[in-house]
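Every number here is computed from the coordinates shown, using simple stated rules; none is lab data. Values in this document were obtained by computation on a predicted structure and should not be read as measured data. Positions of Cβ are backbone-derived with ideal geometry, glycine not excepted, and every protein chain shown enters the neighbour counts.
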Amino acid sequence: MPRLPLRPTFLAIALCAAAPLLAQPYPSKPIRVVVGFPPGGTNDILARMIAQKLTENLGQAVIVDNRPGANSIIGSELVARSAPDGYTLLLNSVVHAINAGLYKKLPYDPVNDFAPVILLASGQLVLVTHPSLPVNSVKQLVALAKARPGEINYASTSSGGSPHLAMELFKTMAGGLKIVHIPYKGTGPAFTDLLSGQVPLMFSPLLPALPHIKAGKLRALAVGSSKRAPVVPEVPTMAESGLPGFEASAWFGVFAPARTSKDVVGRLNAEIVKILQVPDLRGRLSSQGADPIGSTPEQFGDYVRSEIAKWARVIEASGARAE
């Protein structure tokens, strides 16, 4: 009796068995959101807010994975090298753009190795002084710095972070001020010396500075954004203070690895846009000194490229370098 042609039959059975797996909707397993900073900072807080809501909406666990180090480079490299399946994401800040100009060589391409998902929010930066510094406005600070070149120091939370580069942008736009950079390893150590008057000046994220501004321990001269901060509406913008065109904010966004499908990126974008409209989350963001934005993936990609070019010019003009 002749043998039946079994191979096509087995192939058909195998394909039928695999069909449900191939057709599984996204997401079908937990999603990891990598944050390149330690727990407790603005990046981490924002990631956990979004992760909680995504878990509720998607029906899958969304887990925050802190991978701190090297100004977010460690976490960013991990995501750049991950499978482009939508299950490993990166939540990063403006340092993603700053690093492109600050480091001669990165272990990834900040544009081509990532798929932009969404611009989440912008975080306010505020220029603060210790009360011992005899200035009450940006104009007075500029005049004092010009009269005492090299005699005034400023703190930053790290070399290459947004507070550092915001001050370098300020120095350049104010006519090449000679104010000396004192870098610290984190917000805590920087604020210890700022509050004691050891270092009298700093561009700070608004959240950690806010209670000290309210208590009169720090004097707020201006915010770095294009509009005033709702939590300190009496504080002018840098543009209102005599530097038109100045804008420096600690924006935050979500990236996926390059080659992640447009369908997956679109699904994530749509879900996060919905989350950013939830009143309680918007209120929590505002309490962190952040303004929710939302964007299309294409808009975010264009914005990242423009930010890379902008901060590269600031870094070149200031001579800032990674330390």
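Odds and ends about this structure:
- A crude spin-label estimate for the pair Ser132 and Ser261, with each label 7 Å from Cα along the Cβ direction, gives 6.1 nm.
- Applying Stokes-Einstein at 4 °C and 1.567 mPa s to the Kirkwood radius of the chain, computed over alpha-carbon pairs, gives a translational diffusion coefficient of 61 µm² s⁻¹.
- Between the stretch 23-72 and the stretch 176-196, the Cα center-to-center distance that results, in Å: 30 Å
- Estimated FRET transfer efficiency (Glu151, Thr192; beta-carbon r; R0 22 Å; 0.05): 0.50
- For the residue pairs Lys227/Lys310; Lys29/Lys53; Lys146/Lys227; Lys146/Lys214, the alpha carbons lie more than 24 Å apart in Lys146/Lys227; Lys146/Lys214.
- Angle between the chain longest axis and helix 187-196 axis [Cα atoms, degrees, rounded to 10]: 10 degrees
- Taking amide hydrogens as placed 1.01 Å from N in the peptide plane, the amide H of Arg67 sits under 5 Å from those of Val35, Gly36, Phe37, each at least 5 positions away in sequence or on another chain.
- Whole-number percent relative contact order across the chain, with pairs defined as alpha carbons under 8 Å at least 6 apart: 26 percent
- A straight line joining the Cα centroids of the stretch 228-290 and the stretch 294-323 runs 16 Å.
- The stretch 125-223 - share of DSSP beta bridges that are antiparallel (%, nearest 5): 65 percent
- Efficiency of FRET from Cβ geometry, Val180 and Gln52, R₀ 56 Å, rounded to 0.05: 0.85
- Here the Karplus curve 6.51 cos²θ - 1.76 cosθ + 1.60, taken at θ = phi - 60°, turns the phi angles of the stretch 27-41 into couplings of x, 10, 7, x, 10, 10, 10, 7, 10, x, 9, x, x, x, x Hz, with x standing for Gly and Pro.
- A cut-off of 5 Å between modelled amide H atoms, ignoring neighbours fewer than 5 places along the same chain, links Trp251 with Val94, Gly123.
- Cβ-derived FRET efficiency at R0 30 Å, Ile63 paired with Glu240, nearest 0.05: 0.10
- Of all the options Ile152, Ile98, Ile31, the one that moves most in a Gaussian network model of the chain with Cα springs shorter than 10 angstrom is Ile152.
- Calculated over the stretch 125-223, the projected area of the Cα convex hull averaged across directions stands at 5.3 nm².
- Length-normalised contact order of the stretch 125-223 in % [C-alpha pairs under 8 Å, at least 6 apart]: 48 percent
- Summing charges over neighbours of Ile213, with a neighbour being any other residue whose Cβ is under 15 Å away from its Cβ, gives +3 when K and R count +1 and D and E count -1.
- Using C-alpha pairs under 8 Å with a sequence gap of at least 6, the mean separation divided by the residue count of the stretch 151-288 gives a relative contact order of 20 percent.
- Residues whose amide H falls under 5 Å from that of Gly160, counting only those 5 or more places apart or on a different chain, are Leu165, with hydrogens built in the peptide plane.
- Projected label points at Ser226 and Arg305, each 7 Å from Cα along the beta carbon direction, are separated by 1.9 nanometres.
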